[in-house]
Every structure is written in structure tokens, then in C-alpha cells.
1. Can you give the local net charge around B:Ile376? Use residues other than it whose beta-carbon is closer than 10 angstrom to its beta-carbon, Lys and Arg +1, Asp and Glu -1.
2. What does the charge dipole of the protein assembly as shown about its Cα centre add up to, to the nearest 20 debye, if the Cβ of each Lys and Arg holds +1 and the Cβ of each Asp and Glu holds -1?
3. Can you pull out the trypsin sites (Lys or Arg not before Pro) in the range A:126-198 that DSSP calls coil and that have at most 11 other Cβ atoms within 10 Å?
4. Whole number please: convex hull volume per residue, Cα atoms of the range B:94-240, in Å³.
5. How would the protein assembly as shown be classified by its alpha-carbon gyration tensor: rounded, prolate or oblate, with rounded meaning a/c under 1.5 and the a/b versus b/c comparison settling the rest?
6. Could you derive backbone 3J(HN,Hα) for the range B:355-371 from the dihedral phi with the Karplus parameters 6.51, -1.76 and 1.60 (θ = phi - 60°), listing whole Hz in sequence and x where the residue is Gly or Pro?
7. Once you average over the residues of A:206-214, how many Cβ atoms of partner chains fall within 10 Å of each Cβ?
8. Name the residue from B:Val39, B:Pro139, B:Ser109 whose Cα lies farthest towards the positive end of the charge dipole of chain B, charges +1 on Cβ of Lys and Arg and -1 on Cβ of Asp and Glu.
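Throughout, read-outs are computed from the coordinates displayed, never taken from laboratory work. Bear in mind that the values here come from a model prediction, so they are computed numbers and not experimental data. Cβ coordinates were reconstructed from backbone atoms using ideal geometry, including for glycine residues, and neighbour counts include every protein chain displayed.
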Amino acid sequence: MTRTRLHHVRTGCSCSRREFLARGLYGIGVGAGLPFILQQTSAALAAQALAGTSVETHPNRILVVIELSGGNDGLNTVVPFGDAAYYRARPMLAVRERNVIQVAEGFGFHPSMVGFERLYKDGLLAVVHGCGYDHPSLSHFSSMSYWHTGIPNGGEPLGWLGRLADEAYRADTRNVIVNLGPSQSLAVRGQKHSPLVFDDPARFRREGTDEQKRVLAGMSQARSTTNPTLEFLASAAQNATDSSDFVRQTSAAYQTPVDYGSGGGLAANLQRVAALM
Amino acid sequence: MIRLATAAVTAFAASVILVAAQTPGADPGAWTNDLSPIVASDWSYDRAAHLVERAGFGATPEEVARVAAMTPEQAVNALVSYEAIDDRDQPPFDESGIWDPGMDPFPPSRAEAVRIARERGEGLGEKVLPEGTQRRLQPVVDKFFYALTANNIETQRLGLWWANRMLTTKRPLEEKLTLFWHGHFATGQNKVRDYRKMLRQNQLFRRHAAGSFRDLLIGILKDPAMLAYLDNAENVKQHPNENFARELLELFTMGVGNYSERDIREGARAFTGWTHDVLEFKFEAGQHDFASKTFLGRTGNFNGEDVIDIILEQPVTAEFVAAKVYRYFVREDVAGSVRADLGRTFRDGGYRMKPLLTRIFLSRDFYSASSYATQIKTPVHLVVSTYRKLGARQVPTIPDFGRTTAGLGQALLDPPNVAGWAGGRTWITPSTLLQRGNVFRDVLFPDVGSFRPPDRSMSPTDERVGRRLAQGMSITDATREGDAESNVMVERDEDYNTRYGGYAGNLLAFKRTKLIPRHPAAINLTAMIASARAGTADQVVDHFIHRFLRVPLAAKDRAALVDFLRGKLGTSTVQPGAALEGALRELLYLVLSAPEYQLG
């Protein structure tokens, strides 16, 4: 079973998406060996941005991150057919070289991934393959938190997207991070920015009469108290008051010629993302 | 009949003064991390309310007042030593009897069910139809989907039965602990697919809830639901499966960082051959690795129980479990000193729960400003405690209990994974926070007309199949769809039709499971405020705050509620009449939607 989570990071007015990534990643300390997952990518993007070879031309673009959470056989998705170790380790499971859709030296896609091949050849898809770190934790839960923070063995409390947003945006910038999912991902947890989290825009609403909503909006204001849990709740409540109508109405009003199907899941979430953008 | 006027006002004010007079002078802020016990002069209505909220599911003001009238030792003892309380009024789970003998052992997938049926000529208690018959395997496929749906419904009924125990039990800590263990040893019906195993596991948790952790640990490691959930049937001598040992060490006993990967591998060997035969634990000696193992620094021919005892000898185990108990009952942040101290209490007490629980519930730390009303209620607690505080005698079924809590992120008997519910602030997003208020609108203003019972509802796909069949279409046409999956199905249509199986399985499950009786909440707020002698808008608001909130509202928010009620009543005094109940419900919806109401 795969669960989908989507995070957007809004790239602001002054930098391109790639600069944003590059700057953000360096901002959170590639120099200190972080974050492992995107070191190579980040370095490459930074070099591109500095050399002016980035294909980015729209500085107000939005970065959409899709997280497919669950089990996937990475080695049979992007097959390292050029590596004899792969065939030694998988005498039965390996995808044979003649069946691989070959796209790069020694690498190719699983035969079912024809559409990916097209995207790759059009320059619309990049693959960061074989991510990992030394002495990996085999704990499912530790591994997920390392993935979300970008820091293995670190106990880092903030997520990589949250830190990115903290680095790049002032605290008063609204809705820098939107997280579509049933609960907030560790990846978007930041210091300065409170991510806007919701699952189904249609359910992101306060029920009741206008009068009741007005009273509740008054009771839902962020405040400082001696009870930190209450502060947290009040802040989330204010966030909900400020954003729910906008998100729901925007989503409901969105019209698109694209057929996202009726199956829900990732396609439905992508439609929600498109509406918000 | 509303009795009123000055006498009532005085009575209400007097009780407020009484409460204030009982509040001690000690500064609860200084009590943070102080595990020494509170004394009788520290006891108050608010602290009694805090105790019954945390050690149970909250209570009405009358019940809290009874606890407040005891000494703290008496109050805690009454909660913790609950075996003395007769619980024979609690009915056993009323099983529908969905299972027949041919269905065991239940195959892991439809494909496997079909394979077995082809091989043996029958499967899941259904005979394959004679050669040459169209869709020979359809009865088996129907039965497979029947089992999934019927189990699902039976699990909904089981969850509702449990929720009713939480609501009506005279042993609230027993149910609160049963829920704790369900989250600690998290097992999900989604994978187990057998409500009978889930019921037995639930009974195991309840039997050992406040007993010995060792007994519970051995019980759960031999529990068929857990063995199925963690795939321990695949843990055999030739190919040890590390899943079980990993979660045992990481989640159930020691916590990550306190053992090595080698300990996991060696520990897994000790549990080889631990499997189950449907509803019973089974040790398969032929699959067990009897050779020597080195585990946590010790070497020997350890079996599973030996490994458990070695784990329990580690001080870190007592600390890990005690800290988890503390986080559940007290607060998220556990100070190092508290963790070590409670770990000693737990270990010195032979892993018995009662000394640990008693120490926690009597500690100054438990009543300190850091702990008091600083937890976020779990969805199940939020809903059950609201019904308790309303004085409900059974869990309303419109709206549906299971759907309601699942919508807020907590489905009983279906935790998200083996780590259980993350809890705390993870319950809250801007969206779930709105929904945590909205659910009470559904309770206070139930939509009886358009309610669709989930135990009798099909998926849109199955419903469409049913509609098309009713129009006279053939099975092949009724189940045809334009996507890839159905093309595969059409190819198999000669032997069976999966989509039809899903539909037919629903029908049979609806026939063979007992119907969940549907009723909205039996609430009478008019009577409630009458017996509280609240005769003005101010008094009504104060009574609701007193009954439902653990922290006061800001003055401006309280004033807004009073204004709201005055507006609804058209006056400042409460007059009995047809419109009163509706106005009170509208007001209560606001109180239950306040950010403050999330605090427990």
C-alpha cells in the first residue's frame, strides 16, 4: 500500500526554483555534510544556477514534492543493469538486460515504465539513484525520520522542507508550505513557518451558522499563555480560520480540461495541487 | 422545569467559592518533575477532575465531586485497584457468527484462495462448480470478499462494543489502559483480517491491563493477532524473519539505540517456530532454531521466553516502558530524572503496573502546571469523554462512532502501523482541528434523514454493479469498466469475476452480520441546566465551562458566548420552552469547538 503526501514550497519572488533549492540546501548546511539525500543534486543545481544554464525562466514557480510512502523495489524500478552485483544478488528477481528500457549508461527503467522513458528523454525527469548513508538504520521509524529531516543519526527535530522555508522566507510570509495529507509530515516541520495541512479541501471547513463561525473565529485567535499546548492549538485554529475558506473555494472553483480520473489517490491529490497553484 | 432566581445564583456562586477555597497555596509550577506525593490538603475539585480525565475518560461534575470528597490516596486506589469493582454489568461482545469452519486458515489473498480452490476442488468452505459451468470459481471468490467485508463489519461492531465499555465502565482505568496497550502493541485488523483474533487480543490487554508487564509481554508475543500482524509464521530456522524481534526491541521493550543489529538477528532465532494455528499459539519445534545464541551480551540455547527475561533484566527496558506509560498519562516530555526514577519503581516492583501507576497518579508532577490540562485528547478520548460528560448511557450511533474517530485520525483496532498512534500534537492540523469541532455539530444536530450506515454501505463501484444487475445486465456487462484492471478481469471472467465477487460478498456480509442499531445521542441539555440551577445566560455559560473545560476561557470569549446565548434567547434569563433546547445545543457546539476543549 502506498500513501501519498504532497508538499509544496512556494518559491518567492526573487529567486528561481532551482536557485531556491540550491540556496536553501546550502543554507541548511551542505558544508556540514548535510543533507545527505540531495547533496549531489543540490551541488549540480547550484552549479547550473551559477553558470546561468538553468532552464528555469519563471521565478514565481512553485516546487511540488510528492512523497510516495510505502514499499517500492527501487532496484527494479531504475535497474542498474550494468552492475554485475545486481544480477549476482538477484538470480531470480533481476530484470534482464534485454528487457530494461535503457536510458543511461548502465541504468534503465523497468519495462512497464514507458512513460517515464519519454519524460526522461524530454529532459523533464531526473533520477537520484541509490540514495543512502553509511551503516543504515534498519528501523522503519528511524529511517523515515532520517529521510524527513535529511539527517541520518541526527535526532534533528525539524524537517528538510521546513528548514528550507525557514532559511528562505521571513516569518510573516503566509502559506509558504502547504502539506496535503491526513497528518503533518516531519519533512515540513519548521521553526518559523507553520505549514498549512489538510487532506480533503471539501472537508476543510468549519460547520455552523455564520454567527457561530464569527464567534468561533474570535475564540480561535493565536495568543500567548502559560500553557504551550493551548498556544499551539490557538495558532492552528487561527491558521484554519484564515485559510479554510480560501482553500475550499479555490479548489471547488477550479476547472481543468485534464482528466484526473475518479480513483482518488495520487491523481486526486495532483488535481488539488493544480487548483491551489 | 427551571427553578431560578437569586437562590439559584447564590447556590452556584457558593460552589465556585468552595472550589476556590480548596485550591491550595502551593505553586504547581514548582511541582514539575517532583515525584513526591501530594497530600490531602492539596486535593481539590480541579485536581480530582484532572485525575479522572487522565486515568479514565472524564466524568460529570457530580462524579468528579464524589472523587474530590475522597482523599487523594483513596481516589487513586479506587481507580487503580479496580478488580474490587463488580463489572458483571458489562455484556460480552455479541458475535454475529460470520465464520464457518471451511474458512480456516484464511488465505492471504484472493489469488491464493483461487489457487487452493483449483487444487482441491473447494475453498473457504465452498465447492468449485462442475467442469464446463461458467465461472466455476465464483462461489469461492464471493466467499473471499464476503469474509473481508463481514470481518470489517464485525470489527466495526467490536470497536463500538469497546467504546460502550469506555463510556459505561465502572473501571475507567481498565479501559484507558486497554487502549494504551492497544497503541503500544499496535496490531491492525487491516492486515489480520480476522475480528476473532482482534477480540481475543483486546481481552488479553484487558486481562493484564494493570497486572504484570512480563505476563502481558509473553501473552502478546504468543498472541495470534500479533503473530499474524508481524509475519512471525515466516520466522523459521532456515530463514529467520527479523520483523518480530526488531519491533519487540525497538517498540515494545527497549527503544532504538539500546541494542545492536546482531541482537535483532539472534533474538529472531529465539522466536523461530512461534506461530499460530488459527486462534491458538503454536510452537513448531521443527522450525525452531535450538542452537546457541548470543543476545545482549549473553550466550546460551535461548528460547523465546529466555530472550524476554534477558530483555526484562535490562534497566533500560523498565525505563522505556515506564516513560511510555508516563507520556500516555502525564505529558510528552519526560525528564531524565523522572524516567530513571519511574524505571526503578517499575523494575523494583517486578514490572507490576500498579505501583508505577499509583506513584504517577499521586505525584506532584502529575498535578503540576506542566501536566495539568496540557495534553491533547486523542480522538477516541475526545468523543467518549464528551458523551460521559453529557451523561450519555450508550454511545450514539448517529453519527457513526468508528467513522467519527477515524475521520479525526484514530480508528480503533486499526492503528496506522506497528508503532501505534504518534499522538500529542500530531493529532492536530488546521483541518483536523476544525473537524474536531464539526463532529459535535453532527452529534448535537444529528442528520438522521440522510445518514448512511457504514455497516450497510457498499463502495461506489459495488453499488454500480448492483444497479446494473438490477437493470437486467449480465454479470460481464454489469462489471465492465474502461480501465486496465477490468480488462484483466474480463480475461478471467470464464472462471470468476472479481468485481462481481466484491458485490456478492457485500450482500452476503450484510445478511450474516448483526445490524448496528442506529440512534442519535439522547441528550437533554434543558434538564441538565435545570438540575445545575443555571437560570441566566451567564450561569449557563459558566456551567458548560465548568462541565466541559479544564481551563477557563478568556474573559472576552466567555462574554462572546454569553452574548450569543442572550441573542438566541432574546433575554438574559432562561425560560423553559421549545426553543431552549436548540439554543443550548448551539451554545454547546461553540464550547466544544473551542481550542481549550482539546486540552485534557
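1. Working: positive: B:Lys377, B:Arg425, B:Arg436; negative: B:Glu332.
Net charge around B:Ile376: +2.
2. Numbers: 99 positive and 95 negative charges, 263 e Å.
That gives a dipole near 1260 debye.
3. Numbers: sites: A:Arg163, A:Arg170, A:Arg174, A:Arg189, A:Lys192; in loops: A:Arg170, A:Arg174, A:Arg189, A:Lys192.
Passing sites in the range A:126-198 are A:Arg170.
4. Details: hull volume 17.9 nm³, N = 147.
About 122 Å³ per residue, rounded to a whole number.
5. On the way: a/c = 1.37, a/b = 1.29, b/c = 1.06.
Taking the square roots of the gyration eigenvalues as a ≥ b ≥ c, the protein assembly as shown is rounded.
6. Result, ordered by residue: x, 5, 5, 4, 4, 4, 6, 9, 6, 4, 4, 4, 9, 6, 4, 6, 9 Hz.
7. On the way: counts 7, 11, 8, 2, 0, 5, 8, 2, 2.
Across the residues of A:206-214, the mean count of other-chain Cβ atoms within 10 Å is 5.
8. B:Val39
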